[in-house]
């Protein structure tokens, strides 16, 4: 039951971030905010260490890498998101990640 709540909450967080592109863009342009999101991602990765299976190990790797990059190199993260693809594409990636988490979550 706890894993299901965790997966739903994580998917909702990603989905809401994707549906609020203006607010997300404003927040993710400040290094302090990017660092805070990086720390949050690292905190969200911790429960994945408790649960077994490929799903949680993959989720742990993704959250940890993304969190470290944002926490340690916020300017690089901001530049990459601005120069690599437009904000709408980032929203599509976030929605895709939310759908994958929802669809692939282990049954409990």
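For the reader, a short list of remarks on this structure follows.
- Only listed residue being modelled with pLDDT under 90 and either surrounded by 13 or more Cβ atoms within 10 Å (Cβ to Cβ) or closer than 19 Å to residue 15 by Cα (or both), chosen from 48, 92: 92
Residues are listed down the side, and each one gets a yes or a no for (1) surrounded by fewer than 18 Cβ atoms within 10 Å (Cβ to Cβ); (2) free of Cβ contacts under 8 Å to residues at least 40 places away in the same chain:
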| position | (1), (2) |
| --- | --- |
| 16 | yes, yes |
| 20 | yes, yes |
| 29 | yes, no |
| 36 | yes, yes |
| 70 | no, yes |
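The values are calculated or read from the model by the stated rules, or taken from the named source; none is laboratory data. Because the structure is predicted, anything quoted here is derived from the model rather than measured. Here Cβ is always computed from backbone atoms with ideal geometry, including for glycine, and neighbour counts include all displayed protein chains.
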